[in-house]
Amino acid sequence: MNNLILIHGALGTADQMSPLKEMLKKDFNVHLLELEGHGASSSNEKAFAIDGFVNQLDDFIDSIGGTHIFGYSMGGFIALLSAASGNPNIQSITTLGTKMKWSSEIAEQEVKHLNPEKIKEKVPAFAQALKKKHGVHWEQVLYRTAAFMKALGDEPPITESRMKQINIPVQLCLADKDQMVSKEETEEVNAWIPNSRFHFIPDSKHPIEQTNLTTLAETVRSFMPSIS
């Protein structure tokens, strides 16, 4: 049975991927990767950095061998960069809602949504959800994520030259009602990757909790026979 790593998105934890794991565990050896500084390791003072997350993924892959990857949002971003760096053990990648285009202006807009004080005041339920995920360090997770996004804006890692280095099958998925990630930016990167396809997930929004998981699971599952 093939390995499949599921990687969560920004502000998420490995548990975010559990419902999808349940749908795919009969078809794959499913592994959940929790990125450093999130969830149980939210007290980790290590700064969020693309290179650090990619290294963590590479180390995890080394421990299990050849694998397919599904990355949600930021998780897809990290998977693509690992593949672009030439990791030989990645067999395919499927992403969902991965924001490809970054600039200082885009990062500034996203960071506005990551102020802990405003979240506590205006959306207390979201604050409680973040506290449940990351414990008492949830505010630090927000600050680190904001700094991470600013770094993406200052030096966007997803470039045409990098994406052209990916030599494995890739499937870039986007929720049909995603208001954070555009079809245009996803299709642009799709054109850069030599063996890539673009796929809409219907009746879905950007949060994976508001994604049609039945369709998503089938999309992941059906991609594998086509590349074997």
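The values are calculated or read from the model by the stated rules, or taken from the named source; none is laboratory data. Given the structure is predicted, the values throughout are model-derived calculations rather than measurements. No Cβ is skipped: glycine too gets one built from the backbone with ideal geometry, and neighbour counts run over all protein chains shown. Surface accessibility is based on the protein's heavy atoms, side chains included, excluding ligands, DNA and RNA. Shrake-Rupley method; radii C 1.70, N 1.55, O 1.52, S 1.80 Å.
Give me the accessible area per residue for region 98-196, probe 1.4 Å, as a whole number in Å². The partial results should precede the final answer.
Values: 5600 Å² over 99 residues.
Accessible area per residue, region 98-196: 57 Å².
Take the cross-link list LYS25/LYS133; LYS183/LYS205; LYS132/LYS177; LYS133/LYS177 and give me the ones stretching past 19 Å between alpha-carbons. Don't jump to the answer; show the numbers that get you there.
Working: LYS25/LYS133 23 Å; LYS183/LYS205 13 Å; LYS132/LYS177 27 Å; LYS133/LYS177 26 Å.
Beyond 19 Å between Cα atoms: LYS25/LYS133; LYS132/LYS177; LYS133/LYS177.
Subtracting the Cα-Cα distance from 0.36 nm times the residue separation, let me have the gained length for LYS131 to SER161 in nm, one decimal. Present the calculation step by step, with values, prior to reporting the outcome.
Numbers: separation 30, 0.36 × 30 = 10.80 nm, distance 3.92 nm.
Once the chain is fully extended between LYS131 and SER161, it gains 6.9 nm.
Given the -39500 (n - 2.57) contribution per DSSP H run of 4+ residues, what per-residue ellipticity at 222 nm results for the chain, rounded to the nearest 500 deg cm²/dmol? Intermediate results must be reported in sequence, preceding the final value.
Values: 10 runs with 105 residues, N = 228.
Only helices count here, giving -13500 deg cm²/dmol.
If you line up the Cα atoms of region 26-79 on their principal axes, what length do they span on each, largest first, in Å?
Largest first, region 26-79 extends 36, 23, 20 Å along its Cα principal axes.
Rounding to the nearest 20 debye, state how big the charge dipole of region 97-228 is about its Cα centre with +1 on each Lys and Arg Cβ and -1 on each Asp and Glu Cβ.
Values: 18 positive and 18 negative charges, 97 e Å.
So the dipole magnitude of region 97-228 works out to roughly 460 debye.
How large is the Kirkwood hydrodynamic radius of the chain, counting all unique pairs of alpha carbons, in Å?
On the way: mean 1/r = 0.0565 Å⁻¹.
When all Cα pairs of the chain are included, the Kirkwood radius is 17.7 Å.
Over region 154-228, with a single point scatterer placed on each C-alpha, what log10 of the ratio I(q)/I(0) does the Debye formula yield at q = 0.12, 0.13, 0.27 1/Å?
Per q value, in the given order, log10 I(q)/I(0) is -0.37, -0.43, -1.22.
Based on the Cβ-Cβ distance of GLU188 and ILE64, what FRET efficiency does E = 1/(1 + (r/R0)^6) give at R0 = 45 Å, to the nearest 0.05? Kindly include the intermediate steps, with their values, before the conclusion.
Numbers: r = 32 Å, r/R0 = 0.71.
Efficiency at R0 = 45 Å is approximately 0.90.
Could you pull out which residues in region 186-212 have an amide N less than 15 Å from a spot 7 Å beyond the Cα of ASP176, following the Cα-Cβ vector?
199-206, 211-212
Can you tell me the dipole magnitude for the chain around its Cα centre, using point charges on the Cβ only (Lys, Arg +1; Asp, Glu -1), in Debye to the nearest 20? Intermediate results must be reported in sequence, preceding the final value.
Details: 22 positive and 28 negative charges, 91 e Å.
Here the size comes out at about 440 debye.
Report, in cubic angstrom per residue, the convex hull volume of the C-alpha atoms of region 95-228. Don't jump to the answer; show the numbers that get you there.
Working: hull volume 17.3 nm³, N = 134.
Residue-normalised Cα hull volume stands at 129 Å³.
How about region 19-70: which trypsin sites (Lys or Arg not before Pro) there are in a DSSP loop, with at most 11 other Cβ atoms within 10 Å of their Cβ? Each step should come with its number before you reach the end.
On the way: sites: LYS21, LYS25, LYS26, LYS46; in loops: LYS25, LYS26, LYS46.
Passing sites in region 19-70 are LYS26, LYS46.
Considering only protein heavy atoms and a probe of 1.4 Å, how much of the accessible area of region 1-126 is carbon and sulfur, as a whole percent?
Details: 2620 of 5390 Å².
Carbon plus sulfur share of accessible area: 49 percent.
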